[in-house]
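Below you'll find the structure, written out as structure tokens, and then a few comments.
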Amino acid sequence: MIPTLEWTDQGVRFLDQTKLPMEEVYVNTTSYGEVATVIRDMIVRGAPAIGVSGAMGMALGIDRSNAINVAELSLEVNVMADALAKTRPTAVNLFWGIERIRSLYTRLVAEQSPHLSEADKLKTIKAAIVTEAKTMYDEDIAACKTMGQFGADLLPRKGTVLTHCNAGALATCGYGSALGVIRAAVERGFEIDVLADETRPFLQGARLTAWELMKDGIQTSVLCDNMSGSLMRQGRIQAVIVGADRIAANGDVANKIGTYTVAVLAREHGIPFYVAAPWSTIDINTPTGEEIPIEQRDPREVTHSNGKQMTPDGVGIENPAFDVTPAKYVTSIITERGLLKAPYGKSIAAMDAVGALQADAVHA
Ligand code: MRU
């Protein structure tokens, strides 16, 4: 399995995705601040992966804290959560990961017997928090595998599938969301060729999707971002599948910049457009895609390639990292709870209610 991120006795270890595919280098973090830097600098990236990284950053900060009592640790926990939440704004999984740890922390504090010493309370809380972060890691892999099982049959038995950005093992704790569906289909014997949009400017498709699919022996070709329309017109693409960074309550999908263009082209050519994402990507508190914050990144990502300037000095630059695809272009959303279909507002609300009932049953 690709070791995207991992809790170890030395800290949280990340495969440095800025160096792939030329170098496989690992970065070890020993503080929540270092985890925040790793997320901000996109050493780890992809919504589910940064969600679990946020949780692990919180767990690392809590576990390594020198606070001498719970009151002191509680103040630190809020500082950690703020620092991690400031790193990237679009993928809602990050906030989900941080809040899951913070709310467990609050519950654990309330549950501690007043008869315990402060040292014993801290020990109990720290152990439970680290266990929770590791559980979230395992749950992410399990969710990807389940999405694979739900989604595989949507793909052609034999054909070409286009994907944009990287929604693979590298964007999750393993297996992948969109690429997990492709992996599951290939495991069932489907003959699938993958087309990976290069995904300018960060090249997640050319560098990361191509690298991880080739490692698994899945037939993959890279194309420039402006090429898929022409291939669709020639009948050379049978399905499109992508991941998501945030899905609004009405089913609008924020994903890597360029996804919207692909979705509109797919509709024009009658090609199904699928989105695979774990439930932690669904943001029922954001009504539509209009309200999703879009990260604007450094203009240098556009002006330079491999350290070399490619544009004239002083030219204006646009670099939004994500776009929003309106729900009307999405054929189905594949989650670990099942397939969502239009009208998405209803479908999401119904499945959210089932999830809430199940969570209540677990805590009862
Ligand atoms: O900027 P990135 O590389 O973090 O963006 C990643 C994407 O847009 C992915 O498609 C998305 O997070 C889904 S990953 C399963």
Rounded to the nearest 10 degrees, the helix 70-85 long axis (Cα) sits at an angle to the longest Cα principal axis of the chain of 10
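Taking the Cβ-Cβ separation of Leu223 and Lys86 as r and a Förster radius of 35 Å, what is the calculated FRET efficiency to the nearest 0.05?
0.50
Where the only charges are on Cβ atoms (+1 Lys, Arg; -1 Asp, Glu), what is the dipole of region 154-363 about its Cα centre, to the nearest 20 debye?
Values: 19 positive and 23 negative charges, 136 e Å.
Using only the charged Cβ atoms, the result is roughly 660 debye.
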Taking 226-233, 194-201, 21-28, 314-321 and ranking on average Cβ neighbours within 10 Å, highest first, one gets 194-201, 226-233, 21-28, 314-321
With x for Gly and Pro, the residue-by-residue ³J(HN,Hα) of region 228-241, computed from phi through the Karplus equation 6.51 cos²θ - 1.76 cosθ + 1.60 at θ = phi - 60° and given in whole Hz, is 5, x, 5, 5, 4, 4, 7, x, 9, 10, 9, 7, 10, 9
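Mean separation of Cα pairs under 8 Å and 6+ residues apart, divided by the residue count of the chain: what relative contact order is that in percent? Working shown, then result.
Numbers: 721 pairs, mean separation 55.8, N = 364.
Averaging sequence separation for qualifying contacts and normalising by length gives 15 percent for the chain.
With all protein chains present, how much of the accessible area of the chain (probe radius 1.4 Å) comes from carbon and sulfur, to the nearest whole percent? Mind showing how you got there, number by number?
Details: 8410 of 15700 Å².
That fraction is 54 percent.
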For the chain, the longest principal axis of the Cα atoms and the Cα long axis of helix 259-268 enclose an angle in degrees, to the nearest 10, of 40
In nm, the gap between the two label points placed 7 Å beyond Cα toward Cβ at Glu301 and Arg64 is 2.6
The answer for the chain, accessible area per residue at 1.4 Å probe in Å², is 43
Across 20 Å bins beginning at 0, the whole-percent shares of Cα-Cα pair distances in the chain come to 30, 57, 13, 1
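How large is the dipole of the chain about the Cα centre if only Lys and Arg carry +1 and Asp and Glu carry -1, each at its Cβ, rounded to the nearest 20 debye?
700
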One finds the C-alpha centres of region 18-78 and region 194-208 to be spaced, in Å, by 26
Measuring from the longest principal axis of the C-alpha atoms of the chain, the long axis of helix 92-111 (C-alpha) lies at a number of degrees, nearest 10, equal to 20
With the charge dipole of the chain built from beta-carbon charges (+1 for Lys and Arg, -1 for Asp and Glu) about the Cα centre, the Cα from Ala178, Thr87, Met310 projecting farthest to the positive end belongs to Ala178
Straight-line reach check, Lys123, cutoff 13 Å on alpha carbons, 8 or more apart in-chain or any other chain, hits among aspartates and glutamates -> Asp63
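Considering only DSSP beta bridges where both residues belong to region 115-253, give the percentage that are antiparallel (nearest 5). Please list the in-between numbers first.
On the way: 1 of 13 bridges.
Around 10 percent of the beta bridges assigned by DSSP in region 115-253 are antiparallel ones.
Quick check on my link table: of Lys158/Lys328; Lys86/Lys346; Lys19/Lys158; Lys86/Lys256; Lys134/Lys256; Lys145/Lys341, which ones sit more than 29 Å apart, alpha carbon to alpha carbon? Numbers along the way, then the final one.
Working: Lys158/Lys328 27 Å; Lys86/Lys346 32 Å; Lys19/Lys158 33 Å; Lys86/Lys256 19 Å; Lys134/Lys256 27 Å; Lys145/Lys341 20 Å.
Table pairs above 29 Å Cα-Cα are Lys86/Lys346; Lys19/Lys158.
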Of all DSSP beta bridges with both partners in the chain, the antiparallel percent, nearest 5, is 50
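The values are calculated or read from the model by the stated rules, or taken from the named source; none is laboratory data. Note that the coordinates shown come from a computational prediction; the quantities given were computed from them, not determined experimentally. FYI the Cβ positions are ideal-geometry reconstructions off the backbone, even for glycines, and counts take in every protein chain you see. Note: areas computed on protein heavy atoms with side chains; ligands, DNA, RNA excluded. Shrake-Rupley method; radii C 1.70, N 1.55, O 1.52, S 1.80 Å.
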